[in-house]
Structure formats: C-alpha cells, structure tokens
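The values are calculated or read from the model by the stated rules, or taken from the named source; none is laboratory data. Quantities reported herein were computed from a predicted structural model and do not represent experimental measurements. Ideal geometry is used to build each Cβ from the backbone, glycine not excepted, and the neighbour counts take in all protein chains shown. Side chains included, ligands, DNA and RNA excluded: accessible areas come from the protein's heavy atoms. Shrake-Rupley method; radii C 1.70, N 1.55, O 1.52, S 1.80 Å.
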Amino acid sequence: VQGKGCFTVDTNTVIVSDSEVENIADYLRTYIPLKGNNAIENNNISLAVDKNLGTEEYSLSINENGIKICGGTYGGVFNGVQTLLQLLPHEVYSKSAKLPMNVPYVEIKDKPQYDYRGLLLDVSRTFQPVDEIKRVINYMAYLKLNKLHFHLVDNESWRVELKKYPHFALEGGFRGGDAKLHPMHGRFDEKYGGYYTQDELRDIVAYAAERNIEVIPEIDMPGHSKALGVIHPDILCNYKPNTSQTNGIDIRNVWCVAKESNYAIIEDIIKELVEIFPSEYIHIGGDEVSFAQWKRCPDCQKLMAQKGLNGGEQLEQHFLN
C-alpha cells in the first residue's frame, strides 16, 4: 500500500539492527553510504527479526518515523532489504548513490510463493573465476533467489579440489594444449580452465550465505563422468574400447558398477564435499547413463546375474542405492 510522501535518507540516517542480522546491516551499508550506528529518533533504518512472521516473510514500513524491516528469519529481513533497494535510485546497485535520497512512503507485506527459488550455474563446461561467481550471487540476491545449484563436475571437467585425490582437479580442471582432457567449446590450441580450491569454495559458500543463498554442489555420476575417466581410468569398466572412430580418444563416461573400489572413492569424495558445503543436498545427476558400456563389461554382467538384475535401469538403481 503506497502512502503519500517520502522519507529522506540523509547523512544523519543510521541503520540499527538485531544482533542476528548485523551482517545484513553491513551489507546494506555497502549500497547506502551511511556511517553511524547510534539510533536517532525518526531517522533510522531498523532491521529486526519477528518470529511471528513465516520463513523468509517480511514487512517493510516506510513513513515519517523512518524505515522498518521485520523478517521471520534472517532470510526474511534480507528479502526486505532487497525490496528497499528496489525503491531507491538505481545508482545504489553500482554503489555510486549520493545522499540525500528519497524513498516513497509504503507498507509492504510479502512472502515467497516458492521456498526453492534457484539458479543453476554450469562451471564444468565453462570455468568462471571466483569474482564472477560472486557477481552472479549478487544478481541472484537482488532477485531474491535463494538456491545456487553449482554444477562443478561433468564430462568436460572436474572443478573441485580434493585433498585425497589432488590430481582430479590439477589434471581434470584443464582442457586443450598439453592437458589430459581434449579441447572443446571453441578453444583448441591452448590449455585453459581452472578449478576451485576448498578455501575458495568455502569463501563462495559464506559469501552466498550472507545473501540468503544456499550453495548446492553437483558431482555427476554414474554417467557424465568422462573427465574423471580420462584422468582416473580405474573407475571405468573392464574392457578395451574401440577408439577407431574417436581419433584415439576413450569417450567412456560411466563409473563401473561392479568395482567395489569405486564406492570407496565416492565415499571419500562425499566426505570432503560435506565439509565444504553445509547444504542439505548434494546433486549426483544420475541421468543419461550409457547402459551400453555396462553391457560390454564382463564384471557388470556378472554382478547383474548375481543380483538377479534385469537391464541397465536396475543396474543403475543398484549403483545409486
């Protein structure tokens, strides 16, 4: 509901906040150049948690008494701040806004229609440096998106540093030139790419969390694993592939279901991932698996007979279980 009049944010305006949303107050100060933190009656921006509101729900009140944002959770307060930024001059987004600024009187009560509001970022096919990831996260925050589906591993590369298997990223993070992975996607005569150290990933996770965004990592298996198969061929099935039509390149991209050693590697991978990503979820893909590779593998066929499995779908379900 829009009111009549405007509140002026000036050099005397201060931000006051509950302790649990102090990070949001600091975030807001990067867009509105306010310095003080001592409350002045009728000239402050108040950020508070109100447990009577739902998860990510917020209220935004702007009147002659100042600006007040209440949220049911940290995320609710953050969403309210994003709406406040939308009401201010657009220069706030380039962090070049000058005081004073007028913001219209308004009463807003808002909550998300969907709990999961996501964006998928595929850095396996095209590597993006940390600063670019953070730029994407900032734009997600402006749009109140709250899930970053971080697609780190696919046929094209392996982008995650693992302490137990450092060669996965050191070799699997690069394509072309003298790299083990052959070039694709437009570059053919140079080595290019990169990977994320665990410290960089933790930094990305923390940066996103301050902006009410959960980072969900994706490590594809049992298919979409050609990069890992090239740099760590032990995961592949027990047969010699025909490479006469692929310029001598082994294009197999599926984990062997029958190798118990593979499950030990996967356990090692997951153990390191959960130390980096606090997300409730890890995405493992599970789609577009070439059953033909398992059909040619004597070990997979033997396992199917032992378990009484019928076809690639059931073999894949065995792997996933």
Pairs please, first residue from segment 40-61 and within 14 Å of Ile15 (Cβ to Cβ), second anywhere and part of a strand (DSSP E or B) and open to solvent by 50 Å² or more (accessible area, probe 1.4 Å), Cβ atoms under 6 Å, 6+ apart in sequence or on different chains. Ser46/Lys68
Index of the failed condition, Lys4 passing every other in (1) open to solvent by 30 Å² or more (accessible area, probe 1.4 Å); (2) closer than 18 Å to Val92 by Cα; (3) outside any loop (DSSP other than H, G, I, E, B): (2)
Filter segment 118-133 down to the residues that are modelled with pLDDT of 95 or more and either open to solvent by less than 40 Å² (accessible area, probe 1.4 Å) or among the polar types (S, T, N, Q) (or both) and list them by number. Leu121, Val123, Ser124, Gln128, Val130, Ile133
Mind checking which residues of segment 97-112 are in a loop (DSSP other than H, G, I, E, B), modelled with pLDDT of 95 or more and within 33 Å of the chain's Cα centre (by Cα)? Lys111, Pro112
What number of residues within segment 67-82 satisfy the criterion of being touching a residue at least 24 places away in the same chain (Cβ under 8 Å) and open to solvent by 10 Å² or more (accessible area, probe 1.4 Å)? 2
Which residues, taken from segment 1-59, are touching a Leu at 6+ places or on another chain (Cβ under 8 Å) and charged (D, E, K, R)? Asp10, Asp18
Filtering segment 137-177 down to residues that are outside any loop (DSSP other than H, G, I, E, B), farther than 30 Å from Asn79 by Cα and within 18 Å of the chain's Cα centre (by Cα) yields Val153, Asp154, Ser157, Trp158, Val160
Which ones in segment 12-23 are assigned to a helix (DSSP H, G or I) and under 10 Å from Val49 (Cβ atoms)? Ser19, Glu20, Val21
